[in-house]
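*Asks:* This is the structure I want to talk about, given as structure tokens.
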Amino acid sequence: MSKPIDLNSILNEFILESEISVYGNGHINDTYITNTKNYILQRINTGIFKNPDELMQNIENVTNHIRLKMKALGRDEDRSTLTVVKTRKGESYVKCDDDHVYRVYKFINGSETIEKAENDVHMYNAGKGFGEFQQMLTDYPVDTLFDTIPNFHNTVKRVEALETAIKENRTGRLIFVKDEVEFALSRAKDASVIVEGIEDGSIPLRVTHNDTKINNILFDDKTHEPLCVIDLDTVMQGSLLYDFGDAMRIGASSAAEDEEDLSKVWFDEKLFEAFAKGFLEFMGEDITPREKELLGFSAKLLTYECGIRFLTDYLNGDTYFKIHKPAHNLIRARNQFKLVKDIEDKMDKLNKIIENL
Ligand code: ADP
Ligand code: GN1
Ligand code: MG
């Protein structure tokens, strides 16, 4: 058995002293908060993010860019941008003997995290926050960003990964998911819409966040206005539609991503509209007609993509997403597919909402 990591000696590398507690609900990294409530310590999952140097460089470059803009707007740049805390040696992370990589951010005071939007004000504010984040990066040189996870939102490749998992059936679980597999494969033709649009130039490449869950934005705990977009590991080249669509799969759902009672899971078009309104307040001038036309579709596609990622992980034996109960990935996949079906049924309504904005 490997020696347990002494997190205090890691904090010491950042010249910090404190007890720490486990924090947050992310599926990938391990997050801790210092008991002084001033810092966040994170273990980066290097099984997934294989190039921590480039990843941290992306984050520093992007946060510096946003910091200057926030300052120019007279906003408190320390609360509206993540601040990377350097080690004694001036580095942006520490690598331990067992190859795990840790970094520290300043904790953003007076902030709150929402795991699930409860009302349209939450979603309007989330739309403003992610819209402004993307807007501030419209003049950032896209091709200088490192691809931290290549093909992250390449839905065609995600379908191929599912097909491989089905073929290999490593865990023998295929027998339990015949209906889900059929559902997923019957919609495979949708997978290429954004990928091909980017290839043929009809959809522009932009700097995008790529993981726009509502718990990846901090809100001011008094005014509830959006404060700071966080979880920047996947900031890289992408489509505006990835950020818009991905925000919908939890944000505009009636239930949590892992709600098992599917009668409680549906797509709430009011929440969709609220987010779209906030997002377009910032991106409305920049968005192209083709992107606008695909906003409703993106909610479906990104929900579908995440559903097939959960299903693939279930078939592969839960090696990617953290799980907290047996069949957790299958529960998540079923939940996302229920939402996909509902979005399909409501697509005309969603397109009308966008036309009227
Ligand atoms: P993961 O990649 O595992 O999702 P995140 O970076 O999203 O990790 O962090 C997990 C949670 O920790 C967030 O949802 C948020 O609640 C909290 N958090 C992360 N960074 C900060 C910060 N700088 N200030 C305040 N809270 C933070
Ligand atoms: C992961 O790290 P976290 O929990 O914010 C995942 C997203 C998924 C999401 C599903 C790097 O996000 O792509 O949409 O889980 N992040 C990565 O909840 O794979
Ligand atoms: Mg997160």
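Just so it is clear, none of the values below were taken in a lab; they were calculated from the coordinates. In this text, all values refer to a predicted model and were calculated from it rather than measured experimentally. Every residue, glycine among them, receives a Cβ derived from its backbone with ideal geometry; neighbour counts consider all protein chains shown.
*Asks:* What helices (runs of 4 or more DSSP H) lie completely within the range 1-85 and have 2 or more residues being in contact (Cβ under 8 Å) with a residue 12 or more places away in the chain and either of a type in the set (Lys, Arg) or within 16 Å of ligand 3 (Cβ to nearest atom) (or both)?
*Replies:* Here the list reads 52-72.
*Asks:* Run ASP246 past the list (1) out of contact with any Cys (no Cβ under 8 Å at 6 or more places or on another chain); (2) within 16 Å of ligand 2 (Cβ to nearest atom) and report the number of the one that doesn't hold.
*Replies:* If we test ASP246 against (1) out of contact with any Cys (no Cβ under 8 Å at 6 or more places or on another chain); (2) within 16 Å of ligand 2 (Cβ to nearest atom), just (1) comes out false.
*Asks:* Here's a follow-up. Does ILE308 fit the bill of being surrounded by 24 or more Cβ atoms within 10 Å (Cβ to Cβ), touching a residue at least 40 places away in the same chain (Cβ under 8 Å), within 13 Å of ligand 2 (Cβ to nearest atom) and part of a helix (DSSP H, G or I)?
*Replies:* Here the answer is yes, as ILE308 does meet what is asked.
*Asks:* Consider only pairs whose beta carbons are under 9 Å apart and that are at least six residues apart or on different chains; among these, list those whose first residue lies in the range 103-130 and is closer than 20 Å to ALA274 by Cα and in a strand (DSSP E or B) and whose second residue is within 16 Å of ligand 2 (Cβ to nearest atom) and among the polar types (S, T, N, Q).
*Replies:* Partner pairs satisfying both residue conditions: THR113/ASN25; THR113/ASN215; THR113/ASN216.
*Asks:* Among the aliphatic types (A, V, I, L, M) and either in contact with a strand residue (DSSP E or B) (Cβ under 9 Å, 6 or more places away or on another chain) or within 16 Å of ligand 2 (Cβ to nearest atom) (or both): which single residue out of VAL207, VAL193 fits that description? First the steps, then the outcome.
*Replies:* On the way: VAL193 fails: either in contact with a strand residue (DSSP E or B) (Cβ under 9 Å, 6 or more places away or on another chain) or within 16 Å of ligand 2 (Cβ to nearest atom) (or both).
Being among the aliphatic types (A, V, I, L, M) and either in contact with a strand residue (DSSP E or B) (Cβ under 9 Å, 6 or more places away or on another chain) or within 16 Å of ligand 2 (Cβ to nearest atom) (or both) holds for just one of VAL207, VAL193, which is VAL207.
*Asks:* Now for a different question. From the list ASP120, ASP139, ASP99, ASP143, exactly one residue is farther than 24 Å from MET236 by Cβ and over 18 Å from the mean Cα position of the chain (by Cα). Which is it?
*Replies:* ASP120
*Asks:* Hey, another quick one. Tell me which of these GLN237 doesn't satisfy, since it passes every other one: (1) of a type outside the set (D, E, K, R); (2) out of contact with any helix residue (DSSP H, G or I) (no Cβ under 6 Å at 6 or more places or on another chain); (3) closer than 26 Å to HIS65 by Cβ.
*Replies:* Failing condition for GLN237: (2).
*Asks:* Output the residues belonging to the range 17-38 that are of a type in the set (Val, Ile, Thr), surrounded by 12 or more Cβ atoms within 10 Å (Cβ to Cβ) and more than 6 Å from ligand 1 (Cβ to nearest atom).
*Replies:* So the first thing to find is which residues in the range 17-38 are of a type in the set (Val, Ile, Thr), and the list is 20, 22, 28, 31, 33-34, 36.
This time we only want the ones that are surrounded by 12 or more Cβ atoms within 10 Å (Cβ to Cβ), so: 20, 28, 31, 33-34, 36.
The answer is ILE20, ILE33, THR34, THR36.
*Asks:* If a residue has to be surrounded by fewer than 22 Cβ atoms within 10 Å (Cβ to Cβ) and either among the hydroxyl-bearing types (Ser, Thr, Tyr) or without any contact (Cβ under 8 Å) to a residue 12 or more places away in the chain (or both) to count, how many in the range 239-258 make the cut?
*Replies:* 1
*Asks:* If I ask for residues that are buried (at least 17 other Cβ atoms within 10 Å of the Cβ) and in contact (Cβ under 8 Å) with a residue 40 or more places away in the chain, which ones from the range 196-214 would you list?
*Replies:* GLY197, ILE198, ILE203, ARG206, VAL207, THR208, HIS209, ASN210, THR212, ILE214
*Asks:* So, GLY90, is that one at positive phi and of a type outside the set (Phe, Trp, Tyr) or not?
*Replies:* Yes; evaluated as a whole, the condition is true for this residue.
*Asks:* Another question, then. With the structure loaded, tell me whether LEU280 is under 24 Å from ILE114 (Cα atoms) and either crowded, with 19+ Cβ neighbours inside 10 Å or free of Cβ contacts under 8 Å to residues at least 12 places away in the same chain (or both) or whether it fails that test.
*Replies:* Answer is yes for this residue.
*Asks:* Is at least one residue of the range 169-182 touching a strand residue (DSSP E or B) at 6+ places or on another chain (Cβ under 9 Å) and crowded, with 18+ Cβ neighbours inside 10 Å?
*Replies:* Narrowing the range 169-182 to residues touching a strand residue (DSSP E or B) at 6+ places or on another chain (Cβ under 9 Å): none.
Within the range 169-182 (the criterion being touching a strand residue (DSSP E or B) at 6+ places or on another chain (Cβ under 9 Å) and crowded, with 18+ Cβ neighbours inside 10 Å), the answer is no, since none of the residues qualifies.
*Asks:* What is the one condition in (1) in contact with a Ser or Thr (Cβ under 9 Å, 6 or more places away or on another chain); (2) among the acidic types (Asp, Glu); (3) surrounded by 16 or more Cβ atoms within 10 Å (Cβ to Cβ) that ASP286 does not satisfy?
*Replies:* Against the list (1) in contact with a Ser or Thr (Cβ under 9 Å, 6 or more places away or on another chain); (2) among the acidic types (Asp, Glu); (3) surrounded by 16 or more Cβ atoms within 10 Å (Cβ to Cβ), ASP286 comes up short only on (3).
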